[in-house]
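The values are calculated or read from the model by the stated rules, or taken from the named source; none is laboratory data. Bear in mind that the values here come from a model prediction, so they are computed numbers and not experimental data. Cβ sites come from the backbone with ideal geometry, for glycine too, and all protein chains shown count toward neighbours. The protein model used for the area step is the full one, side chains on, heavy atoms only, and it has no ligands, DNA or RNA in it. Shrake-Rupley method; radii C 1.70, N 1.55, O 1.52, S 1.80 Å.
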Amino acid sequence: MVDFSKRSNQSEMMDDFSLSPNIIYPIMDELEVINKLLGGHRVFFDAFNGMNLQDGMSISDWGCGGGDSLREIATWAEKKDLDLELIGIDATESAIAYARQKALRYPEIEFFCTDVMSTAMKPNSFDIVISSLFTHHFEDQNWVALIKKMVDCSRYAVIINDLHRYPAAYYSIGILTKLFSKSPLVKHDSKLSVLRGFKKGELIRLLKEAGVSKYRIKWMWAFRWQVVIYK
């Protein structure tokens, strides 16, 4: 029996920052396809539509993985005639190498291999801090610390795109990855990611613990939470 009543604390295989390129690169390819199929990037574009983005603003993607979110944002910004500074940050060296390789034609994107919780991340460093399917890797106490850090490092807003812990999400991603994924890691972590995801009440409680009062939570397809925190 699968327990959806509370967040799982089981570690994902992707939490290993030392994964080699021959393991990471195929995984990044698959995750990008899955994210596109499930419309994950719409969470950011929907949030951006309610903001007054201007030329020269900086957006930093924490836990950027293969950098697909920033590449999609760069393409979106180009269509909007917006000149944005895009910064991806991840603690897995092989993921950063992959992200740099895939973003060669995007001079507005930079990637750095850094732990987002380190002292290298300074207050008010970015206009907007975003994350996609990243915060569920943190257990509750560390999630609160992460959110405090994201808010501290942003000047205007934080946008979180993460998973709704729900049976339909769990079983559907299991079927999708069984049919199309060749990676045992993706098959394992995709379902576990859902179990590490959130219910709305949990997000409200955790945001309160983080001292956040100005925010919006919105459910979006497919089984995503959009959390926008305003400063």
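Annotations for the structure displayed:
- Amide hydrogen neighbours beyond the local backbone of Asp61, cut-off 5 Å, H modeled: Ile87, Gly88, Ile89, Ile130
- Cα-Cα separations in region 1-103 greater than 16 Å, expressed as whole percent: 64
- Shape category assigned to region 94-215 from the gyration tensor of Cα positions, a/c cut at 1.5: oblate
- As a ratio to 2.2 N^0.38 Å, the alpha-carbon radius of gyration computed for region 145-187 takes the value 1.75.
- Mean sequence separation of contacting Cα pairs (under 8 Å, at least six apart), scaled by the length of the chain, corresponds to a relative contact order of 24 percent.
- Remark: region 215-229, residue by residue, has Karplus-estimated 3J(HN,Hα) of 7, 9, 10, 9, 7, 9, 6, 9, 6, 10, 9, 9, 10, 10, 10 Hz, where x stands for each Gly or Pro and the curve is 6.51 cos²θ - 1.76 cosθ + 1.60 at θ = phi - 60°.
- One Cα centroid belongs to region 8-38, the other to region 71-126; the line between them spans 18 Å.
- Amide proton proximity set for Phe198, modelled H, under 5 Å, gap of 5+: Leu163, His164, Arg165
- The mean accessible area for residues of the chain, using a 1.4 Å probe and ignoring ligands and nucleic acids, is 49 Å² per residue.
- Over region 114-231, relative contact order from alpha-carbon pairs under 8 Å, at least 6 apart, %: 31
- Calculated log₁₀ intensity ratio I(q)/I(0) where the Debye formula runs over C-alpha points of region 30-72, q = 0.27 Å⁻¹: -1.10
- Where both bridge residues fall in the chain, DSSP classifies roughly 40% of the beta bridges as antiparallel.
- Shape call, region 108-161: gyration tensor on alpha carbons, a/c limit 1.5: rounded
- 222 nm mean residue ellipticity, helices alone, for the chain (DSSP H n ≥ 4; -39,500 (n - 2.57); rounded to 500): -13000 deg cm²/dmol
- Carbon/sulfur fraction of accessible area - region 44-193, other protein chains in place, 1.4 Å, %: 51
- Here the translational diffusion coefficient of the chain follows from Stokes-Einstein with Rh set to the Kirkwood radius across Cα pairs; for 20 °C and 1.002 mPa s it amounts to 121 µm²/s.
- Neighbour net charge for His188 - beta-carbon separation under 15 angstrom, K R +1, D E -1: 0
- Antiparallel bridge percentage (DSSP; both residues within region 97-230; nearest 5): 65
- Estimated vicinal HN-Hα couplings, Hz - region 114-122 in sequence order (Karplus 6.51, -1.76, 1.60; Gly, Pro = x): 8, 6, 4, 8, 7, 6, 5, 8, 9
- Trypsin sites (Lys or Arg not before Pro) restricted to region 68-164 and DSSP loop, no more than 13 other C-beta within 10 Å: Lys80, Arg105
- The chymotrypsin sites (Phe, Trp or Tyr not before Pro) of region 187-226 that DSSP puts in a loop, and whose beta carbon has at most 12 other beta carbons within 10 Å, are Trp221.
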